[in-house]
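To start, the structure under review is shown below, and the notes come after it.
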Amino acid sequence: MIFSRAQIKMIVITASLLMLFAVIGAALVGLTFSQTEDDIRHNEELTLLRKLNNIIPAESYDNDLLEDVISLKPNSMLGTDEQTRAYRARKNKKNVAVVFSSIAPNGYNGPIQLLVGVKVDGTLAGVRVVKHRETPGLGDVVSIVRSDWILGFDGRSLSNPQAKGWKVKRDGGIFDQFTGATITPRAVVEAVHNALLYFDQNQATLFDTPAEKAEQS
């Protein structure tokens, strides 16, 4: 097919307009992203801070939890196979508590991801389940949105109870299990106990390592 000069001119104009619209569209998308990126990051930081403040109340520290951060290498005691972060709370430049991730690898339906807060004296500030795949109505009771079972760790330590007590009642420990679901609480109790052991062995490193700014995950 042979195009006339007028047809060729029209094709060139149409192609140029399409290219111009594509460039303008890409520029608008980029501009919108750049303008909202800070808002997205800010919202992510607020969400993370709310999670941390559920474990360490805001009035108990005066530093910036999201700035006073260190990276933790993968560790079998924490059940982690990749780098995680620890957030340190301090007041008047004195250590208050640290919050870090712990994984219960042997949940009924897979790993259970926890945030564990430990005070400088070795007692638990709190524990929260942040990700799990446990059965609704059974194993998911470990989540604070389903029950207050997880609050039973508050104030516990390596000496309260002694090592033999860090089990569910069915296994001779002090922690409740759930009707029809023992595997999940058993896994969480073990993971929290291991987190306390990790803190006991690494307290100086957790509090004294120079901070690095946290990146959003």
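Miscellaneous remarks
- The chain: angle of helix 5-53 to the longest principal axis, Cα-based, in degrees nearest 10: 20 degrees
- Kirkwood Rh and Cα Rg combined as Rg/Rh, the chain: 1.26
- Sorted on the mean count of surrounding Cβ atoms within 10 Å across their residues, most packed first, peptides 101-113, 146-158 read 101-113, 146-158.
- Charge context of residue 174, other residues only, Cβ under 10 angstrom, K/R +1, D/E -1: +3
- Percent of Cα pairs exceeding the 16 Å cut-off, where the set is segment 131-198: 43 percent
- Neighbour-count ranking [beta-carbon atoms within 10 angstrom, fewest first] of 188, 12, 129: 12, 129, 188
- Counting only alpha carbon atoms, the long axis of helix 183-208 and the longest principal axis of the chain meet at about 90°.
- For segment 129-217, averaging the sequence separation of C-alpha pairs within contact (under 8 Å, six or more residues apart) and dividing by the residue count gives a relative contact order of 20 percent.
- Rounded to the nearest 500, the 222 nm mean residue ellipticity of the chain from helices alone is -12500 deg cm²/dmol, with -39,500 (n - 2.57) taken per DSSP H run of at least 4 residues.
- Sequence of 207, 199, 175 once ranked by neighbouring C-beta atoms within 10 Å, starting from the fewest: 207, 175, 199
- Take every Cα pair under 8 Å whose residues are at least 6 apart in sequence, average their separation, divide by the length of the chain, and the relative contact order is 18 percent.
- Summed over all non-identical Cα pairs, the Kirkwood treatment of segment 61-153 gives a radius of 14.3 Å.
- Of 91/167; 73/167; 94/169; 93/164; 93/167; 91/164, those spanning more than 32 Å from alpha-carbon to alpha-carbon: 91/167; 94/169; 93/164; 93/167; 91/164
Rule-based calculations on the coordinates, nothing more; no lab input. The shown structure was predicted, so the numbers you read here are calculated from the model rather than taken from an experiment. For neighbour counting, all protein chains shown are included, and Cβ atoms are generated from backbone atoms with ideal geometry for every residue, glycine included.
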